[in-house]
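Structure first, commentary second.
The values are calculated or read from the model by the stated rules, or taken from the named source; none is laboratory data. These figures come from a predicted structure and were not determined experimentally. Ideal geometry is used to build each Cβ from the backbone, glycine not excepted, and the neighbour counts take in all protein chains shown. In case anyone asks, the SASA skips ligands and DNA or RNA and just uses the protein heavy atoms, side chains included. Shrake-Rupley method; radii C 1.70, N 1.55, O 1.52, S 1.80 Å.
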Amino acid sequence: MLRLENVVKSFGGVVATNDVSLNFPTDSLSAVIGPNGAGKTTLFNLITGHLVPDSGRILLADEDIVGMAPAGIVRKGIGRAFQVASIFPTLTVEQSLMAAVASHVHMSESLLTAFPPRSVRERAGELIDLLGMAPVARLLCSNISHGDQKLLDIGLALALEPRVLLLDEPTAGMGPEERWQMIGTVRRLWEQGRMTLIFIEHDMDIVFEVAETIHVLRYGSVLATGSADDIRNNPEVIEAYLGTETPEEVPA
Amino acid sequence: MSLFREFRRDVLLALGALAVLLAIGFGVDSAWPRDFLTSIFAIGLLAMSLNLLIGYTGLVSFGHAAFFALGGYIFGLLLQWGDFTATLGQGSVPVALLAAVAGTALYALVIGAICVRLTEIYFAFLTLAFQMFLYSVILSWVALTGGDQGLMGGIPRPVFLGVDLADPYHRYAFCAVIFVICMLIMRIVTESPFGYTLRMIRDNAQRAAFLGVNVTRVKLICFVVSSSIAGVGGVILALFTSGAYPEWAFWAQSGEAIFMIMLGGLNVFLGPLLGAVALRILNDVVQMYTSHTEIVIGLVILFVVLGLRRGVLDFAKDWWVERQQAKLAAENRESQQ
Ligand SMILES: Nc1ncnc2c1ncn2[C@@H]1O[C@H](COP(=O)(O)OP(=O)(O)O)[C@@H](O)[C@H]1O
Ligand SMILES: [Mg+2]
């Protein structure tokens, strides 16, 4: 579904993405891990068109999307949630989702009809139920908990019915219990939604438990790719930074 | 029409407001309320339309009055042009009105296409620069515009459909109808999917783009709509004064509209209109006591901005929203226990 071929991106002297080739098969669930500054967010910025690679190809269902504008790439079916929840502070949860759905059905420029049209309201209602956000639906986005804000950010991406969903640290800034809850929701969305899901995460227990395939990044390069067992037993990964014993958590 | 069904409440409110305005204009045996309200129609549309940019989209324009002035000048110039009124006869006034709106929209499309790509302070400066450009064109093209004298000699207003705009009652009713229609249009636009897209852009333009919104195009549409309505405000003032004057395109005119928004509030639909009424009344009252009106008005605005930290209606809205939100949050906590 999504394939990166020899993608390179540098900022001045820093090579944030160093000849990265990755394959994300249709409907797979993959994790990207690596220490802070490894180039994980940069990878997402390249895929979503926020950054343009210096060289290499990014193929969505065999179509090269390099050079397309972010809004165009979204329309092609790549949705994204952000490391720091990116939401609309003065709108309610429900209004934000309805506005996102309106954009998806090409109504952002409809001036002469009432908001929300019924179909838009219904679709937003489905998303609210899917995310379990009914209790906070009428609260302003600035008034909901950090965890709910992260969840809403994912919901906004889902409003566009993406074929590929990129989640940048969905559990960032959460306590242990909340993390497992969030990752459970993510897993459920993937199982129900039939989409290619890629998430960035640095809690190894979570990654090993949830992801089908794991890609380890370091200094902008792919250090290893494989299943949880492959990664756990990969000597390079262990030597690089997992420590000697069974890994606990990669330092953030 | 489904649009009127969807906005039934607003349409009824608009009709009610129009009835009240007409009752005041025709019922009170004095020119003062008619004159006062007509000037409110004009500058109220200027402030209300500017708030589509400032309050709804987060685009602070310092040059909005340019479009106000342009609407007035196009309208006045067309009607002063003998061939135009000779050719169109009865149709002169309606065609001049439509031409003023279309001309302003076209000018706004060109200016907006350049400005909306910029953000914040650069957008503000550029709109100001384009306004000063129009101002100097008006001042220097004396043969066409009359320069600093403005459009002199009155604006001819051929009777159409039995409406004689030389008659103060007819003129007042005509302006009231146009004003209410424009208010209704703005209400519909701000409560449409487009209106909520504007709010998304105001809150977080980057996220809106990542949700597939063409941010530049949406901003441009907003710029054109709001400028066209400002142009209608200019037409009303041209009708009212039977002329058009370069001060309408001066930066102080835009500044006054911004004051009105600050005073009345930018997050409530009618905030700028309330601000326009308040500022006009304040101006008239202060003028009775002192010639230093600017100083007194400046102090009042300072008090509102520093004291309430927002416009009057924003203050009321925030108070109400906070209460609602607290109540909802409390309900959630209870139901979770
Ligand atoms: N826009 C940018 N400009 C300059 N340097 C950047 C930019 N984005 C990321 N970097 C650099 O690229 C490297 C990778 O960053 P990032 O992708 O955010 O890492 P991660 O998400 O894995 O923590 C870092 O050294 C960071 O400083
Ligand atoms: Mg990151």
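Brief remarks on what is shown
- Residues of region A:102-129 that turn out to be in a helix (DSSP H, G or I) and out of contact with any Gly (no Cβ under 8 Å at 6 or more places or on another chain), as a count: 11
- Selected residue (criterion: farthest from B:LYS219 (Cα to Cα)) from residues of region A:99-114 that are in contact with a Leu (Cβ under 9 Å, 6 or more places away or on another chain) and buried (at least 22 other Cβ atoms within 10 Å of the Cβ): A:VAL101
- When we screen A:THR42, A:THR26, A:THR48 for residues that are away from chain B (no Cβ under 14 Å), within 15 Å of ligand 2 (Cβ to nearest atom) and either of a type in the set (S, T, N, Q) or touching a helix residue (DSSP H, G or I) at 6+ places or on another chain (Cβ under 6 Å) (or both), the only hit is A:THR42.
- Being at pLDDT below 90 and assigned to a helix (DSSP H, G or I) holds for only one residue in B:LEU313, B:LEU306, and it is B:LEU306.
- Matching residues, region B:1-48, being part of a helix (DSSP H, G or I) and within 14 Å of chain A (Cβ to nearest Cβ): B:SER2, B:LEU3, B:PHE4, B:ARG5, B:GLU6, B:ARG8, B:ARG9, B:ASP10, B:VAL11
- Condition check for A:LEU166: within 21 Å of A:LEU29 (Cβ to Cβ) and more than 12 Å from the chain's Cα centre (by Cα): no
Rundown of residues vs (1) at pLDDT below 95; (2) within 14 Å of chain A (Cβ to nearest Cβ), yes/no style:
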position: B:ASN204; (1), (2): no, yes
position: B:GLY212; (1), (2): yes, yes
position: B:SER226; (1), (2): no, yes
position: B:GLY231; (1), (2): no, no
position: B:GLY243; (1), (2): yes, no
position: B:LEU270; (1), (2): no, no
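- Scanning region A:194-230 for residues that are open to solvent by less than 10 Å² (accessible area, probe 1.4 Å), over 15 Å from the mean Cα position of the chain (by Cα) and in contact (Cβ under 8 Å) with a residue 40 or more places away in the chain turns up A:MET204, A:VAL216, A:LEU217, A:GLY220.
Results for (1) of a type in the set (Gly, Ala, Ser); (2) open to solvent by less than 60 Å² (accessible area, probe 1.4 Å); (3) facing chain B (nearest Cβ under 9 Å), shown as yes or no for each residue.
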residue: A:GLY67; (1), (2), (3): yes, no, no
residue: A:ALA71; (1), (2), (3): yes, yes, yes
residue: A:PHE88; (1), (2), (3): no, yes, yes
residue: A:PRO116; (1), (2), (3): no, yes, yes
residue: A:LEU127; (1), (2), (3): no, yes, no
residue: A:PRO135; (1), (2), (3): no, no, yes
residue: A:SER142; (1), (2), (3): yes, no, no
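- Single condition A:ALA71 does not satisfy, out of (1) within 16 Å of ligand 2 (Cβ to nearest atom); (2) closer than 28 Å to A:VAL101 by Cα; (3) not in a loop (DSSP other than H, G, I, E, B): (1)
- Residue check, A:GLU109 at the interface with chain B (Cβ under 8 Å from one of its Cβ atoms), over 25 Å from A:ASP148 (Cα atoms) and more than 17 Å from the chain's Cα centre (by Cα): yes
- For region A:73-85, residues that are open to solvent by less than 20 Å² (accessible area, probe 1.4 Å) and within 16 Å of ligand 1 (Cβ to nearest atom) total 2.
Each row is one residue, and each column tells you yes or no for (1) within 13 Å of B:SER227 (Cβ to Cβ); (2) aliphatic (A, V, I, L, M).
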{"position": "B:ALA19", "(1), (2)": "no, yes"}
{"position": "B:PHE26", "(1), (2)": "no, no"}
{"position": "B:TRP32", "(1), (2)": "no, no"}
{"position": "B:ALA47", "(1), (2)": "no, yes"}
{"position": "B:LEU52", "(1), (2)": "yes, yes"}
{"position": "B:SER61", "(1), (2)": "yes, no"}
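- Search result, residues across region A:90-106 that are aliphatic (A, V, I, L, M), within 7 Å of chain B (Cβ to nearest Cβ) and over 14 Å from B:PHE194 (Cβ atoms): A:LEU91, A:ALA100
- Selection status of A:GLY34, within 16 Å of ligand 2 (Cβ to nearest atom) and more than 28 Å from A:GLU161 (Cβ to Cβ): yes
- Any hit, region B:250-261, residues being open to solvent by 10 Å² or more (accessible area, probe 1.4 Å) and more than 20 Å from B:THR127 (Cβ to Cβ): no
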